[in-house]
Amino acid sequence: ETLFPGGRDDGNTQFYRLYIDENFVDIHAPGKLPPFPTNAISGSDHRIINLEELRQVLPLSLFRFEGFLIRRIEDTSVEHTITDVKNALIDMHTDELNGYDKLSRAVKGLLGYQHADASFMPFIRLNDRFILSDHYASRSLLFSRITKAEDKEQLYDKLGVLFRDAPGDISVEDTGSSGGHSLLDRWLHVLPYKHYTIRPLYDKSVFLGIIEVCHDEGVSNPVLFQRIDQLIPYLQLAIRNSIRHFHSRLAELIKEHF
């Protein structure tokens, strides 16, 4: 069993596990073999210590192999991504920005498409009002492209109230011609992708934040979310961690100035 990376056309890395079954191979030694070099093999776990010496004393030309190998390759990219996500969550406790960057790269790599992107953002409530922080808005696929602070705050509050009261995805098939008159429709043209979906995240019915997914033609929205859904528990932890960081910074600010 061997784990190895493989390249993709979109520049991301795919990971595979290689299994080789040698049960159907027979090994024959037609001639007389030299004494086995015992110093080339570890006595405790039978591991080869000196492969080069073993090749010199027992070259493959002394043997004849008959039969066949069975090789199986398994895509382990999801498993590898989950490991990266767990490491990113650990980093977020000490360096939130660095941990978030690692988490974002892992999520984007899991999507598996060059023309697709994802982000996630917490929705923070203070005194029962949604408070937008540029620290998190700058990470959003949509909010990072809205220039005026008052426009971002207005949309943030609108989406926060909407998802707090009515759970469910918002999905737009064509951002260039949405044709609606809502606050969200007004800003969809700034996105560099044709399709845009927002999925709210909850913890025991408490609204935590959103996952944003953008993609172009030829990419399946259900397939993207099927992959992202495997990370939902970890994204919930990441957003809760971001909310805690916000309140910690707020408490420090109050103590420092007041």
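Mind checking which of VAL78, VAL107, VAL161 has the largest fluctuation in a GNM of the chain, springs on alpha carbons under 10 Å?
Result for the chain, Cα springs under 10 Å: VAL161 fluctuates most.
Could you sort 63-69, 227-233 so that the peptide with the highest average Cβ count within 10 Å comes first and the rest follow in order?
On the way: 63-69: 11.1, 227-233: 15.7.
Highest mean packing first, the order is 227-233, 63-69.
In region 102-258, what percent of the accessible surface is made up of carbon and sulfur (1.4 Å probe, ligands and nucleic acids excluded)? Write down the numbers at each step before the final one.
Values: 4100 of 8000 Å².
The computed percentage sits at 51.
Just how large is the dipole of region 123-258 about the Cα centre, in debye to the nearest 20, putting +1 at every Lys and Arg Cβ and -1 at every Asp and Glu Cβ?
Numbers: 17 positive and 18 negative charges, 90 e Å.
The dipole of region 123-258 has a size of about 440 debye.
Rounded to a whole number of µm²/s, how large is the Stokes-Einstein D of region 5-145 at 25 °C and 0.890 mPa s, given Rh as the Kirkwood radius over C-alpha pairs? Walk me through the numbers before you get to the answer.
Values: Rh = 20.7 Å.
Diffusion coefficient, whole number: 119 µm²/s.
For Rg and Dmax of the Cα atoms in Å, which listed value, (1) 24.1, 71; (2) 26.8, 90; (3) 18.6, 55, comes from the coordinates shown?
(2)
Would you check the accessible area of ARG72, probe 1.4 Å, heavy atoms only, in square angstrom rounded to 10?
It works out to around 130 Å².
Taking loop as defined by DSSP and a crowding limit of 12 other beta carbons within 10 Å, which GluC sites (Glu not before Pro) in region 138-193 fit?
Working: sites: GLU150, GLU153, GLU173; in loops: GLU173.
Answer in residue order: GLU173.
Who wins for biggest fluctuation among HIS115, HIS46, HIS80 in a Gaussian network model of the chain, springs between alpha carbons below 10 Å?
HIS46
Which value, to two decimals, describes the C-alpha radius of gyration of region 196-251 once divided by 2.2 N^0.38 Å? Kindly include the intermediate steps, with their values, before the conclusion.
Values: Rg = 13.7 Å, N = 56, 2.2 N^0.38 = 10.2 Å.
Relative to the rule-of-thumb radius for its length, region 196-251 sits at 1.35.
Tell me, what is the per residue accessible area of the chain in Å², probe radius 1.4 Å? Mind showing how you got there, number by number?
Numbers: 15360 Å² over 258 residues.
Here the per-residue accessible area is 60 Å².
Using modelled amide H (1.01 Å from N, peptide plane; none on Pro or chain starts), what sits under 5 Å from the amide H of ASN50, excluding residues fewer than 5 places away?
Under 5 Å from the amide H of ASN50 lies no amide H from a residue far enough along the sequence or on another chain.
Could you tell me the center-to-center distance, by alpha carbons, between region 186-213 and region 29-51 in angstrom?
60
Using 28 Å as the Cα-Cα cut-off, could you pick out the over-long pairs in LYS148/LYS255; LYS108/LYS152; LYS86/LYS148? Intermediate values should be presented prior to the final figure.
Numbers: LYS148/LYS255 30 Å; LYS108/LYS152 24 Å; LYS86/LYS148 35 Å.
In this structure, LYS148/LYS255; LYS86/LYS148 exceed 28 Å between Cα atoms.
Kindly identify region 65-174 as rounded, prolate or oblate by the Cα gyration tensor criterion: order the square roots of the eigenvalues as a ≥ b ≥ c, call it rounded if a/c is under 1.5, otherwise compare a/b with b/c, prolate if a/b is larger, else oblate. Mind showing how you got there, number by number?
Working: a/c = 2.91, a/b = 2.18, b/c = 1.34.
Prolate is the answer for region 65-174, as a/c is 1.5 or above and a/b outweighs b/c.
Is the shape of region 178-224 best called rounded, prolate or oblate, per the rule: a/c under 1.5 gives rounded, else a/b larger than b/c gives prolate, else oblate, with a ≥ b ≥ c the square roots of the Cα gyration tensor eigenvalues? Provide the component values of the computation, followed by the final result.
On the way: a/c = 2.83, a/b = 1.30, b/c = 2.17.
Judged from the Cα gyration tensor, region 178-224 comes out oblate (a/c at least 1.5, b/c at or above a/b).
Using only Cα positions of region 113-199, each an equal point scatterer, no hydration layer, compute I(q)/I(0) via Debye at q = 0.12, 0.19, 0.24 Å⁻¹ and quote the log10 values to two decimals.
-0.35, -0.92, -1.46
The values are calculated or read from the model by the stated rules, or taken from the named source; none is laboratory data. Just so you know, these numbers come straight off a predicted model, no measurement behind them. Please note: Cβ atoms are built from the backbone with ideal geometry, for glycine as well, and neighbour counts cover all protein chains shown. These accessible areas exclude ligands, DNA and RNA; they are computed on the full protein's heavy atoms, side chains included. Shrake-Rupley method; radii C 1.70, N 1.55, O 1.52, S 1.80 Å.
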